Amino acid sequence: MIGELFRTIKANLISAVVVSLFLGLVAGQVIGPGTKTALQSAVLPVLFVMIYPMMINIDLQEVLNVRLHARVVLASLLLNFGLAPLVAVALARLFFAGTPEYAVGLYFIALIPTSGMTAAWTGLAGGDLEGALVAMAVNLLAAVVILPLYLSVLLEQGVGFDPAALYRQLAVIVAIPMVAGNLTRRYLLRRYGPEGFKRLKPTFGGISSFGVMLIVFIAMAMRSTEILADPVASALVVVPLVLFYAIVLGAGSAVGRLLMDGPGEVALVYATSMRNLSIAIAIAAAPGFPPASAVLPIALAYVIQPPLGAVYMQYRRDVVEQGLTVRELVASRVRA
C-alpha cells in the first residue's frame, strides 16, 4: 500500500511538485514563527529521506567503464562544467540582477548535472544507455568537487557564501548518503539478486520523490512572504530557465551530431540537458547558505525538465528515425 503510494508520487512528480509549491506558498502566509522553526528543524531529516534512496539507485561503479565511453563522458564534462555555467551567468546577469538568490538557484541547476531521468530518457529514445550511465556517475562525482569552487567565483560577496561551509553541507547531504546508498545497493543485490533489486528500484525512487515534495513545501513556506511580495517577478523566473534548457539541449545535440553516432548523441543530450534537481534542491534547502528563496527556480525547473526530455524523445522517434524533417512531420500531422 505505502509502496504503491510512493510509486504513484514518482509517476506524477511534476504535479506533486507544483501542488507542494503552491501549498507551501499558501501555508507560509498563515503559519506562525513557531511552526516555521519546527519546519526548519525538519529539513535535514527530510533531506536524508530524499537523497539516500536516490543514491541506492545510482551505480557509482559505472565510473570504472569510463574508458569505453570516453567521448560521451568528456563531451558531457565540457558542456556541463564549461558551457552550462557560462549560459547560467549570462542569464543570471540579464534576468536576476536584483535577485541574487534566484541566481544561486540557477547556478545550482547549471552545476549539478545528470539525474536518474538521464538513463530513463536515453533508453526510451534509443540512445547509448551504458554511455549515459557512465556519464551520470562521472558528472555527479565531478559536481561534488567542482560546485564550491565555481560558486566562490560566481557569487556576489553579499550572498554570504563560504566554500568550507558548502563542502560540509555536501558531505552531510551528498557524500554520506552516497556511501550509505552504495553499501545498501550492494547488500540488496547480494540478498535479492539483480531482478529482485530491479523490482525495488521504483519504491526507492518514490520515497525520494516524496522527499522532494516535502522539501519544496518547507522551502516555499519558509520564504512565502518574500516570494509573494512581488509575484510577477517570481513567475518570470520561468523565462531564463526555459532559455537555459533550450541552449544546453541545442548545444548537446549539435556537439553529439558532430562527434558521435546517433545513440551517442542521444546519451550526450540527456547527460547535459537533464539536471540533478533533487540534489540541487537539497543543497538549496539546507540550513545556512544559500538563501532559501534559491529553491524557487529549482522547483520551477521540475515543471520544465521532464517535458523537455519527452519532446526530444519524440523528435528522435518521429523525425530522426523516420528520416523526416520537422517541417515534413508537421505537414503530415496537419494532413492527418
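The values are calculated or read from the model by the stated rules, or taken from the named source; none is laboratory data. Not measured: the values here are computed from a predicted model. In this analysis, Cβ positions are derived from the backbone assuming ideal geometry, glycine residues included, and neighbour counts consider all displayed protein chains. Ligands, DNA and RNA are stripped out before the accessible areas are found, and what is left, the full protein with its side chains, is counted by its heavy atoms. Shrake-Rupley method; radii C 1.70, N 1.55, O 1.52, S 1.80 Å.
Here are some notes:
- Any hit, segment 255-278, residues being under 30 Å from PRO177 (Cα atoms) and open to solvent by 30 Å² or more (accessible area, probe 1.4 Å): no
- Pairs with Cβ under 6 Å, 6+ apart, first in segment 122-145 and among the hydroxyl-bearing types (Ser, Thr, Tyr), second modelled with pLDDT of 85 or more: THR122/ALA132; THR122/VAL266; THR122/ALA267; THR122/TYR270
- Inside segment 62-73, residues that are surrounded by fewer than 19 Cβ atoms within 10 Å (Cβ to Cβ) and either aromatic (Phe, Trp, Tyr) or over 20 Å from the mean Cα position of the chain (by Cα) (or both) make up a count of 7.
- Restricting segment 92-118 to residues that are open to solvent by 60 Å² or more (accessible area, probe 1.4 Å) and assigned to a loop (DSSP other than H, G, I, E, B) leaves a set whose member that is modelled with the lowest pLDDT is GLY98.
- Residue in segment 18-30 that is in contact with a Leu (Cβ under 9 Å, 6 or more places away or on another chain), of a type in the set (S, T, N, Q) and open to solvent by 80 Å² or more (accessible area, probe 1.4 Å) present: yes
- Check on ALA84, in a helix (DSSP H, G or I) and modelled with pLDDT of 95 or more: yes
- Qualifying positions in segment 36-48 - touching a residue at least 40 places away in the same chain (Cβ under 8 Å) and open to solvent by 60 Å² or more (accessible area, probe 1.4 Å): GLN40, LEU44, PHE48
- Residue list for segment 78-100, filter: small (Gly, Ala, Ser) and farther than 22 Å from LEU228 by Cα: GLY82, ALA84, ALA88, ALA90
- Residues being of a type in the set (S, T, N, Q) and closer than 11 Å to VAL46 by Cα - total across segment 177-208: 1
- Among the residues listed as LEU183, LEU241, the single one being open to solvent by 50 Å² or more (accessible area, probe 1.4 Å), of a type outside the set (Lys, Arg) and modelled with pLDDT of 85 or more: LEU183
- The residue list VAL134, VAL89, VAL153 contains one member that is among the β-branched types (Val, Ile, Thr) and open to solvent by 40 Å² or more (accessible area, probe 1.4 Å), which is VAL153.
- Selection status of MET136, under 23 Å from PHE48 (Cβ atoms), modelled with pLDDT under 85 and among the aliphatic types (A, V, I, L, M): no
A quick yes/no check of all residues on (1) in contact (Cβ under 8 Å) with a residue 40 or more places away in the chain; (2) over 17 Å from the mean Cα position of the chain (by Cα):
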| residue | (1), (2) |
| --- | --- |
| TYR187 | no, yes |
| PHE197 | no, yes |
| LYS201 | yes, yes |
| VAL216 | yes, no |
| PRO231 | no, yes |
| PHE244 | yes, no |
| VAL248 | yes, no |
| GLY252 | yes, no |
| ARG257 | no, yes |
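- Evaluation of ILE58 against the conditions (1) part of a helix (DSSP H, G or I); (2) out of contact with any Pro (no Cβ under 7 Å at 6 or more places or on another chain); (3) open to solvent by 20 Å² or more (accessible area, probe 1.4 Å) shows that the sole unmet condition is (1).
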